[in-house]
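The values are calculated or read from the model by the stated rules, or taken from the named source; none is laboratory data. Worth saying up front: this structure is predicted, and the values here are computed from it rather than measured. Methodologically, a virtual Cβ is constructed for each residue, glycine included, from the backbone with ideal geometry; neighbour enumeration extends over all protein chains shown. Surface areas here come from the heavy atoms of the whole protein model, side chains and all, with no ligands, DNA or RNA. Shrake-Rupley method; radii C 1.70, N 1.55, O 1.52, S 1.80 Å.
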Amino acid sequence: MICPTPPGISMLNNLSSVKVELSVVLGRSVIPMHQLLRMGRGAVIELDSRQDDPVTILANDKPVAKGEIVIHGDKIGVSVIDLLKGYQ
């Protein structure tokens with residue numbers, strides 16, 4: 001006897017092959033191009049945000065959530081703290 005696949009499981013299987021590009025925006029900065037071209041390795045770019053400010057999480061270049069930076073040993077991650085309207 002073959003058991004039918006429970007509803008929702010086949011949909012999850014289809015979603016597992018969908019690729020989503022995730023990006024995290026730590027902050028923004030505007031600098032002249034000539035200054036950018038003179039920067040070398042190790043240069044620091046000042047951002048418009050503070051250390052404790054939430055970061056924006058993008059999925060395929062669209063904002064979907066707010067998060068906070070989490071450091072665990074030598075790994076850096078992002079913890080989701082709020083889904084943006086339309087994604088809840």
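Numerical summary
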| quantity | calculated |
| --- | --- |
| Set of lysines near K85 by C-alpha distance (under 27 Å), chain-local residues within fewer than 8 positions excluded | K19, K62, K66 |
| Where Rh is the Kirkwood radius over Cα pairs, Rg/Rh for the range 17-62 | 1.09 |
| Accessible surface of the range 30-88, 1.4 Å probe, proportion on carbon and sulfur as whole % | 54 percent |
| Accessible area expressed per residue, the range 16-80, with surrounding protein chains retained (probe 1.4 Å, Å²) | 87 Å² |
| Relative contact order, percent, the chain [alpha-carbon distance under 8 Å, six or more residues apart] | 22 percent |
| Two-site label geometry, N14 and L83: point separation in nm, points 7 Å out along Cα→Cβ | 1.9 nm |
| Dmax and Rg, reported as Rg then Dmax, of the chain (C-alpha, Å) | 19.6, 71 |
